[in-house]
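Visitor: The structure is given below, and queries will be raised subsequently.
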Amino acid sequence: MPPIGNSDSSVIDPLSRNLLVAISQHLVEQGKHPELVRLCALWSAQEALPVAIALDEARALLDLRLMDLAWVRLRELDKTQRHRIEVQALTAEMFVERGWPGRARRILERAVSEYPERRDLQDLLKRSQEPPLRPPANARSVEREGTQKEQ
């Protein structure tokens, strides 16, 4: 993934960039995650994504269960030091979703101590203390013989 942040060698004019931001926000509001990811891929091929847009892309990647791509984007975002708590929250959520609650707890314990008013972080910390979700015992048979909806 291309870098994130403000690029001095911007190819996109300010008016077009404002339009891209508005389209991105609309896609986020509509829950159109695949479209947002495609837009961000095309945009980032031209210039570095604004940090807020890259955060939206990371959230969309997590929602689409594209964990490896989300992890790459989150590591890039973590280097920017901007929106750090949001990056940490998304990273912890990704760890919980992947079944790595221990890694999530390390991040969340620090984040909750720094931002005790953030209910979302407290809820995520509780989720990280629960056992990870496992596939059902009959997962293999559902995969082979189940209906499309069951799969």
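The values are calculated or read from the model by the stated rules, or taken from the named source; none is laboratory data. It should be emphasised that the depicted structure is a prediction, and the values quoted were computed from it without experimental measurement. Here the Cβ positions follow ideal geometry from the backbone for every residue, glycine too, while neighbour counts run over all protein chains shown. These area figures cover heavy atoms from the full protein model, side chains too; ligands, DNA and RNA do not enter into them. Shrake-Rupley method; radii C 1.70, N 1.55, O 1.52, S 1.80 Å.
Visitor: Taking 0.36 nm per residue of sequence separation and subtracting the Cα-Cα distance, how much length would be gained by fully extending the chain between L64 and D123, in nm to one decimal? Please report the intermediate quantities before stating the final value.
Guide: Values: separation 59, 0.36 × 59 = 21.24 nm, distance 2.14 nm.
Separation in residues times 0.36 nm, less the Cα-Cα distance, equals 19.1 nm.
Visitor: Next up: For every helix of n ≥ 4 consecutive DSSP H residues, a contribution of -39,500 (n - 2.57) applies; sum these over the chain, divide by its total residues, and give [θ] at 222 nm rounded to the nearest 500 deg cm²/dmol.
Guide: Working: 8 runs with 105 residues, N = 151.
For the chain, the value works out to -22000 deg cm²/dmol.
Visitor: Summing +1 for each Lys or Arg and -1 for each Asp or Glu, what net charge is found among the other residues whose Cβ lies under 10 Å from the Cβ of H26?
Guide: -1
Visitor: For L49, which sequence-distant residues (separation of 5 or more, or a different chain) have an amide H within less than 5 Å of its own amide H, given hydrogens modelled in the peptide plane?
Guide: G5
Visitor: Have a look at D120, D56, D13 and tell me which one the Gaussian network model of the chain (Cα, springs below 10 Å) gives the largest fluctuation.
Guide: Of D120, D56, D13, the most mobile in the Gaussian network model is D13.
Visitor: Of the candidates S141, S24, S16, which one comes out as most mobile in a Gaussian network treatment of the chain with C-alpha springs shorter than 10 Å?
Guide: S141
Visitor: Would you mind telling me the share, in percent, of accessible area of segment 3-107 contributed by carbon and sulfur at probe 1.4 angstrom?
Guide: Roughly 53 percent of what the probe reaches on segment 3-107 is carbon or sulfur.
Visitor: Quick one: what Rg and Dmax do you get for the chain from the alpha carbons, in Å?
Guide: Spelled out, the Cα radius of gyration and Dmax of the chain are 17.8, 55 Å.
Visitor: While we're here: Label points 7 Å out from Cα along the Cβ direction at L19 and R75: separation in nm?
Guide: 3.5 nm
Visitor: Using only the Cα atoms of segment 81-124, each taken as one equal point scatterer with no solvent, compute I(q) by the Debye sum, divide by I(0), and report log10 of the ratio at q = 0.18, 0.25 Å⁻¹.
Guide: Relative scattering, expressed as log10 I(q)/I(0), comes to -0.43, -0.82.
Visitor: Between K149 and I85, what length in nm is gained on full extension when 0.36 nm per residue of separation is reduced by their alpha carbon distance?
Guide: 19.4 nm
Visitor: Also, quick follow-up: Using a 1.4 Å probe, what is the accessible area per residue for segment 1-148, in Å²? Please report the intermediate quantities before stating the final value.
Guide: Numbers: 9160 Å² over 148 residues.
Per-residue accessible area for segment 1-148 comes out at 62 Å².
Visitor: Quote the charge dipole size of segment 28-151 about the Cα centre in Debye, to the nearest 20; the model charges only the Cβ of Lys and Arg (+1) and of Asp and Glu (-1).
Guide: Using Cβ point charges on Lys, Arg, Asp and Glu, segment 28-151 gives about 400 debye.
Visitor: Roughly what would the spin-label model give for V11 and Q46, points 7 Å off Cα along C-beta, in nm?
Guide: 0.9 nm
Visitor: Pick from L36, L61, L69: which residue has the top mean-square fluctuation in a GNM of the chain where Cα pairs under 10 Å get a spring?
Guide: Sorting by GNM fluctuation, first place goes to L69.
Visitor: Can I ask one more? What does the charge add up to near L36, with Lys and Arg as +1, Asp and Glu as -1, over the other residues with Cβ less than 10 Å from its Cβ?
Guide: Net charge in that neighbourhood comes out at -1.
Visitor: List the lysines whose alpha-carbon lies under 29 Å from that of K79, not counting same-chain residues fewer than 8 positions away?
Guide: Counting by Cα, and skipping residues close in sequence, K79 has these lysines nearby: K32, K126.
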